[in-house]
Amino acid sequence: MSPYDKVLREHVALVTRAADFAARRHADQRRKGAAREPYVNHLAEVAALLADTVDEPNAWLIAAGWLHDTVEDTGTTHEELASLFGSVVADLVAEVSDDKSLPKAERKRLQVGRASHKSPDAKAIKIADKISNLRSLASSPPDDWDRTRVLDYVTWAENVVAGCRGTNPALESIFDQSAVAARRAV
């Protein structure tokens, strides 16, 4: 096996293990939308958006895309991610994770305020996450969300992504299209 093949095998294994881990940790979770999609669909969409738009292959980024909600939503720890996927992936997940001990309004405010200070890879994850959320809102908003709440979310997502611009033009374009589509859907 060539050194290139060995590295490729390691990268494919990393992404596959991350997908498996994320699917198992989020197995009982559903999206908030009326369709109640399995939560893993969101993770797969985020990872696919990242894989499709990066300039160069980046297994750590794609793995972190799969894992981006595990610390926030499943009780997984940074240390656990570091031991299973390495510090690069664990640190990326930590960089995009909200502190769930804070009130929701404060978490949302911090996402906007901190977006421009994130690493390029964390910015890409944030944009991909917001794209997936906007697409979900456009196709299947939660039953208890009125038009105003959906539009408020779109505006907030635009404010977060404003701080993430300049690192991935392809993702930014998809985000812009998704924001327009979400506004039109309500």
The chain accessible area per residue, 1.4 Å probe, protein heavy atoms, integer Å², reads 52 Å²
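Please label the shape of the stretch 22-132 as rounded, prolate or oblate, based on the square roots a ≥ b ≥ c of the eigenvalues of the alpha-carbon gyration tensor (a/c under 1.5 means rounded; beyond that, a/b larger than b/c means prolate, else oblate).
It is rounded, given that a/c, with a ≥ b ≥ c, falls under 1.5.
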For the stretch 18-54 and the stretch 139-186, compute the distance between their C-alpha centroids and round to whole Å. 18 Å
In whole percent, how big is the carbon plus sulfur part of the accessible area of the stretch 1-126, probe 1.4 Å, protein atoms only? 54 percent
If each K or R counts +1 and each D or E counts -1, the residues other than Glu106 whose Cβ falls under 15 Å of its Cβ total +3
Run the quick spin-label model on Lys104 and Ala185: label points 7 Å from Cα toward the beta carbon, then report their separation in nm to one decimal. 1.8 nm
Mean Kyte-Doolittle hydropathy of 0.5 or higher plus an axial Cα length of 18 Å or more: which whole DSSP H helices in the chain meet both? 40-53
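Which net charge results when you count Lys and Arg as +1 and Asp and Glu as -1 among the other residues whose beta-carbon is under 9 Å from that of Glu37?
Net charge around Glu37: +3.
Report the full-extension gain for the segment Ser83 to Arg36: residue separation times 0.36 nm, less the Cα-Cα distance, to one decimal in nm.
That pair, Ser83 and Arg36, stretches by 13.7 nm at full extension.
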Taking log10 I(q)/I(0) by the Debye sum over Cα atoms at q = 0.12, 0.19 Å⁻¹ straight from the coordinates, which label in (1) -0.68, -1.19; (2) -0.65, -1.50; (3) -0.56, -1.42 is the correct one? (3)
Please give, to one decimal in nm, the separation of the simple spin-label points placed at Ser116 and Asp146, each 7 Å out from Cα toward the Cβ. 3.4 nm
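The values are calculated or read from the model by the stated rules, or taken from the named source; none is laboratory data. What you see is a predicted model; the values in this text were computed from it and never measured. In this analysis, Cβ positions are derived from the backbone assuming ideal geometry, glycine residues included, and neighbour counts consider all displayed protein chains. SASA here: full protein model, heavy atoms, side chains in, ligands and nucleic acids out. Shrake-Rupley method; radii C 1.70, N 1.55, O 1.52, S 1.80 Å.
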